[in-house]
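Read the structure below first, then the notes.
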């Protein structure tokens, strides 16, 4: 059983700020409680097999010219730089 | 579009009538988030091509609507989210490029649950769509706007996306055909990501033949999506009336058990009789992992969504919100308040279930359930050609009825998520109307058997005559 504090910590780590705290916590709690049904699936001994994707399936790593200046679409593009919030 | 091709009606007239229908009915239905103001001009260009004897694509100006999480260059793609309210897509999705090459006309972008997270279209930041069969009821989701637009004659076909049933569920609720192809059959390049490992773009149309026609246009390899598979340019329309005589069909017992509505159960029994009448052999089969599939599905999708939505930091995509005065993390947290409640909940879940200390209990177990479910269904397809179940175990419900109970909403997905978790193709065929509300029957096939799946769907469809939608 997870507790409210754990959910609050995760919300903070996911950079989520919420207004109606209790409502979110209660609903997320109900969802996580439902996931406990996975304990009954009897899959503990299953080995997860991964599918290999050969390198040949990937497209060639080369520059493809693009006519639009995508950087100009950014909200805080200032002509020669992008204004971001301060890091410290 | 045969009439346009034969010159009996111009593409301009046809598209004008479609736009007129949208103007007449969409105020009540809210299928569309944007209408393409250039649609009629685009149709005129196609008429010019026809008149001048130039090659014209197979769509001949066919009016198609597009779910608003698929990019069309230089048009808004909002994902029904305030976060992307003014986002203009800088490129075409591969499916859009392919349809443009075939002279389709995009009449507009359709409503959805925000970032395709939901199954009623009530979680759209711009208000819910309404079911054309009864305006008080949900149309299903998340591709609710797409299904409504087809059902209400606002277009001939639509493209939706299906992560856990988001094409088939609204198709069932709105009385139209919805198809989720084999994973990889249709490129996802240009589809705004929610849960990449299981989602697919899929057509919604009025008939199985129209569905196959659209699939012919959009399926196949794409160098921009390395999960796409080579379909050898199959013609999905060729032999679509081949029927299903002698085929073996398994009825998935876990999908017709506890909680199924009596009207849906009755429709399922009638569908089984129809299949038997068409010469198929039907037997009950078991997929034990189905009862854990919804929990596995939400665990996997939340995890992938948590990662995919991390890009929405309001620096690369977003709305006008000055950065001055904020520290980096607090700015992003504040900006993300524009996400709606369901997206916020799933981001929190997406951080929780794969996190250190919880991954073994939730995420890894979900992956194991996914794998075991795939093994179980692969075993069944060694013996059976198709599997069937009702698309949704309940009838469409009223707007607002389940919105505050996320776990009740989870269970509406129980019959659709299996196709996504296993990568198998599945289709919803409109089958009956009960109390004025549609019921769809779902057919599954083995991977890459999309063509025979469409043949089975066509066979079932040929036994059905539904009343006209009351709009």
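Any read-out appearing in this document is the output of simple, stated calculations on the displayed coordinates, not a laboratory observation. Predicted model, so just to flag it, every value in this text is computed and none were measured. All Cβ positions, glycine included, derive from the backbone under ideal geometry; neighbour counts span all protein chains shown.
Note on segment B:139-160: residues that are assigned to a loop (DSSP other than H, G, I, E, B) and within 15 Å of the chain's Cα centre (by Cα) total 5.
The residue of segment A:25-48 that is surrounded by the most Cβ atoms within 10 Å (Cβ to Cβ), among those that are outside any helix (DSSP H, G or I) and more than 7 Å from chain B (Cβ to nearest Cβ), is A:42.
For every residue, the table says whether it meets (1) surrounded by fewer than 22 Cβ atoms within 10 Å (Cβ to Cβ); (2) touching a strand residue (DSSP E or B) at 6+ places or on another chain (Cβ under 9 Å); (3) away from chain A (no Cβ under 14 Å).
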{"residue": "B:353", "(1), (2), (3)": "no, no, no"}
{"residue": "B:394", "(1), (2), (3)": "yes, no, yes"}
{"residue": "B:420", "(1), (2), (3)": "no, yes, yes"}
{"residue": "B:449", "(1), (2), (3)": "yes, yes, yes"}
{"residue": "B:468", "(1), (2), (3)": "yes, no, yes"}
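When the residues of segment B:154-166 are filtered to those that are closer than 23 Å to residue B:302 by Cα and in contact (Cβ under 8 Å) with a residue 60 or more places away in the chain, which remaining residue is surrounded by the most Cβ atoms within 10 Å (Cβ to Cβ)? Looking at residues that are closer than 23 Å to residue B:302 by Cα and in contact (Cβ under 8 Å) with a residue 60 or more places away in the chain, I get B:160. Residues in segment B:355-371 that are within 25 Å of the chain's Cα centre (by Cα) and facing chain A (nearest Cβ under 8 Å) were compared, and the one that is surrounded by the fewest Cβ atoms within 10 Å (Cβ to Cβ) is B:371. Of B:280, B:305, B:267, all but one fail to be closer than 14 Å to residue B:441 by Cβ, touching a residue at least 12 places away in the same chain (Cβ under 8 Å) and surrounded by 22 or more Cβ atoms within 10 Å (Cβ to Cβ); the exception is B:280. Residue count for segment A:49-88, restricted to those that are more than 7 Å from chain B (Cβ to nearest Cβ), assigned to a loop (DSSP other than H, G, I, E, B) and closer than 26 Å to residue B:327 by Cβ: 5. The single condition among (1) over 29 Å from residue B:456 (Cβ atoms); (2) at the interface with chain A (Cβ under 8 Å from one of its Cβ atoms); (3) surrounded by 24 or more Cβ atoms within 10 Å (Cβ to Cβ) that residue B:346 does not meet is (2). Here B:151, B:142 are screened, and the one residue that is within 29 Å of residue B:306 (Cβ to Cβ), crowded, with 24+ Cβ neighbours inside 10 Å and touching a helix residue (DSSP H, G or I) at 6+ places or on another chain (Cβ under 8 Å) is B:142. Checking each residue in segment B:76-91 for being in contact with a strand residue (DSSP E or B) (Cβ under 9 Å, 6 or more places away or on another chain) and closer than 12 Å to residue B:190 by Cβ picks out B:77, B:89. Note on segment B:127-139: among residues that are surrounded by fewer than 24 Cβ atoms within 10 Å (Cβ to Cβ) and in contact with a strand residue (DSSP E or B) (Cβ under 6 Å, 6 or more places away or on another chain), the one that is nearest to residue B:440 (Cα to Cα) is B:133. Screening segment B:315-331 for residues that are more than 7 Å from chain A (Cβ to nearest Cβ) and not in a helix (DSSP H, G or I) and picking the one that is nearest to residue A:74 (Cα to Cα) gives B:317. Could you check, for segment B:261-269, whether at least one of its residues is assigned to a loop (DSSP other than H, G, I, E, B), more than 14 Å from chain A (Cβ to nearest Cβ) and under 26 Å from the mean Cα position of the chain (by Cα)? Yes, segment B:261-269 contains at least one residue that is assigned to a loop (DSSP other than H, G, I, E, B), more than 14 Å from chain A (Cβ to nearest Cβ) and under 26 Å from the mean Cα position of the chain (by Cα).
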